[in-house]
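The values are calculated or read from the model by the stated rules, or taken from the named source; none is laboratory data. Since this is a predicted model, take the numbers as computed values, not measurements. Don't worry about glycine lacking a Cβ; one is built from the backbone with ideal geometry, like all the others, and counts go over all protein chains shown.
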Amino acid sequence: MATRTAMLTLPTDDQILITREFDAPRHLVYRAWTNPELVRRWWHANRGEVTVVEIDLRVGGRWRSAMVTPDGVEVAFHGEYREVVPGERVVSTETYEGVPAEVSEENATSVNTVTFSDTGGRTTVTLLVQASGKDARDAIVASGMEDGLQDALDLLERVAQSLE
């Protein structure tokens with residue numbers, strides 16, 4: 001199994017693009033990405049215990065994921081679904097709940113577009129993070145997001161493979 005194979009690029013001053021191929025069929029990767037019980041198995045990225053996964057997968061529906069790190073810190077995100085094309089594409093907002101008080105919710109919110117493409121029995125996932133600006137994008141990158149994401153996506157692949 002390939003690990004830590006997600007490619008992260010910065011196509012514009014306010015975007016982060018993550019692309020990764022999974023050794024699992026598209027419908028299983030999509031299911032692992034959108035089913036709360038399955039998200040619990042990978043979202044923690046081996047950095048804590050997942051305490052909440054709420055997914056109301058419909059336009060206007062809300063989602064929230066939270067975990068507690070070994071040192072007791074809660075890490076949580078929430079958002080709203082803007083577009084859902086089952087098995088193919090999900091567009092949602094994402095707000096990190098731990099931003100400093102001086103950062104507005106608007107600046108702490110990105111719009112994430114994830115697409116699932118079938119590549120001969122494998123799946124290519126493309127995640128485009130549209131930040132509110134360059135400072136917000138740079139803060140996301142500086143947060144260590146890439147390391148956590150690499151580990152989470154490795155776990156996601158295992159979860160999707162376990163569904164076969």
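Remark: residue 102 matches the filter, which requires a residue to be modelled with pLDDT under 95 and either in contact with a Cys (Cβ under 6 Å, 6 or more places away or on another chain) or acidic (Asp, Glu) (or both). Scanning segment 122-164 for residues that are touching a strand residue (DSSP E or B) at 6+ places or on another chain (Cβ under 8 Å), closer than 14 Å to residue 20 by Cβ and not aliphatic (A, V, I, L, M) yields 122, 123, 124, 126, 146, 157. Note on segment 92-115: residues that are touching a helix residue (DSSP H, G or I) at 6+ places or on another chain (Cβ under 6 Å) and exposed (fewer than 15 other Cβ atoms within 10 Å of the Cβ) total 0. What about residue 65, is it touching a helix residue (DSSP H, G or I) at 6+ places or on another chain (Cβ under 9 Å), small (Gly, Ala, Ser) and free of Cβ contacts under 8 Å to residues at least 60 places away in the same chain? The answer is yes for residue 65.
Residues that are buried (at least 19 other Cβ atoms within 10 Å of the Cβ) and either under 16 Å from residue 25 (Cβ atoms) or free of Cβ contacts under 8 Å to residues at least 24 places away in the same chain (or both) within segment 116-138 comprise 116, 123, 125, listed in sequence order.
Does segment 88-95 contain any residue that is hydrophobic (A, V, I, L, M, F, W, C) and touching a strand residue (DSSP E or B) at 6+ places or on another chain (Cβ under 7 Å)? Yes, that holds for at least one residue. Taking segment 72-164 and the strands (runs of 3 or more DSSP E) fully enclosed by it, the elements with 3 or more residues that are over 19 Å from residue 55 (Cβ atoms) are at 109-119, 122-130.
If I filter segment 40-48 for residues that are under 15 Å from the mean Cα position of the chain (by Cα), surrounded by 14 or more Cβ atoms within 10 Å (Cβ to Cβ), more than 30 Å from residue 133 (Cα to Cα) and in contact (Cβ under 8 Å) with a residue 60 or more places away in the chain, do I get at least one hit? Yes, there is a match, as at least one residue in segment 40-48 is under 15 Å from the mean Cα position of the chain (by Cα), surrounded by 14 or more Cβ atoms within 10 Å (Cβ to Cβ), more than 30 Å from residue 133 (Cα to Cα) and in contact (Cβ under 8 Å) with a residue 60 or more places away in the chain. For residue 89, indicate whether it is farther than 22 Å from residue 105 by Cα, modelled with pLDDT of 95 or more and exposed (fewer than 15 other Cβ atoms within 10 Å of the Cβ). No. The residues of segment 74-89 that are without any contact (Cβ under 8 Å) to a residue 24 or more places away in the chain and either among the basic types (Lys, Arg) or touching a Gly at 6+ places or on another chain (Cβ under 8 Å) (or both) amount to a single one, 80.
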